[in-house]
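**Student:** Dumping the structure here so I can ask a few things about it.
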Amino acid sequence: MPVTLHELAKAADCSISTVSRVLSNSEHRVNDATRERILALANELGYRPNMTARGLKTDRTFTIGLVVYNIASPFTPVLIRGIQEFLKQRDYFTVIISTDWDSELESEAVHQLISRSIDGVIFVESWRDETNNTLDLANKPYVYVYRLFDGDYTNSVLLDDQHGARLAVEHLLNLGHRRIAFINGPHGWVASQERLAGYHAVLAEHGIAFEPTLIEEGTWEVQSGYQATKKFLSLTEHPTAIFAANDLMALGAIYAIQDAGLNVPRDIAIVGYDDRDLASFSNPTITTVCPPSFEMGQLAAQLILDRLENQVEIKDPIRVQGKLIIRESCGAVQENIPPEHHISHTLPPESLVRKWRGKNPLD
């Protein structure tokens, strides 16, 4: 049987109101020794608050719905883990519904969540370019994390793709490359637009003329990276380095270079994007930009609670910066790689957020 608030108060030899103030972190003054004794006993006895009773007092269910567009995406599980870990620490429960890119399933999911009196909704890897009116009518707060297409970015947490592209291209320039090709993603994707903008910006800053023949559009798949690289290799002067907008296309580029009898990175250096699992076991392993998916999930969870508890609305998107993971495909000398660029999936949150109300939302 779970320990009740009354039983915890009796064990701590305190009033129920004192125990309640300590557990709810109330601003009411409680003696430090008493506070520590109550918290220690709560942990020892396994006390868990009665969320139903708490909900009746606050008119909340302490439940957040997650509408997931592609549960099989390599990024979605990590985003969800970040969301759930943050919310769990604040006694919130999550309900996940996968919609498989179907707008009708999304609408049905929203109605199901509202009917179960959820407090708010987080849309994970959303492809919609407009907000959901049903939630507005129901007066339920919602946020977006990792939106894939252009639209209204109010209350959104986004990956700073321009920054990621800049990391990749600047790294290749620092290695001495001046003829850098770019395999972009499909037209219409925000990630494609932003990564192309980052590529253009770095070249311009270094006084390197833009060459249209050094850009090809891919489909995010291996084969498109292969075909794009074959076109680069057919040029009179082929590039000495290629930046691919994702790791699958970077892998295709490696295959094309190897099939042409050339070596990566000796003849052509490669940098990818996304830090997919394959990047760490391909041959050669792929230098890539690692998106901070876990931290983005945490920020989305913080934002939904801020909207719920403080009625905060963020007009400008929160853009989160990733980092470059240096491996073999770029040709960098391993002993010269700074420790912060070694393979890692844990990023310090305070270094990720460019700006959000002038402070770190995870503080």
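Taken together, the values in this text are just the output of simple stated rules run on the coordinates, not laboratory data. All figures in this text were calculated on a predicted structure; none of them were measured in a lab. Don't worry about glycine lacking a Cβ; one is built from the backbone with ideal geometry, like all the others, and counts go over all protein chains shown.
**Student:** So how far apart, in nm, are the two label points at residue 111 and residue 127 if each is 7 Å from Cα heading toward Cβ?
**Tutor:** Placing both labels 7 Å along Cα→Cβ, they lie 2.2 nm apart.
**Student:** Related question: Mean separation of Cα pairs under 8 Å and 6+ residues apart, divided by the residue count of the range 161-290: what relative contact order is that in percent? Show your work: numbers first, answer last.
**Tutor:** Working: 235 pairs, mean separation 33.1, N = 130.
Relative contact order of the range 161-290: 25 percent.
**Student:** Using a Förster distance of 30 Å, how high is the FRET efficiency between residue 154 and residue 200, based on the Cβ-Cβ distance and rounded to 0.05?
**Tutor:** Details: r = 27 Å, r/R0 = 0.90.
Taking R0 as 30 Å, the efficiency between residue 154 and residue 200 is 0.65.
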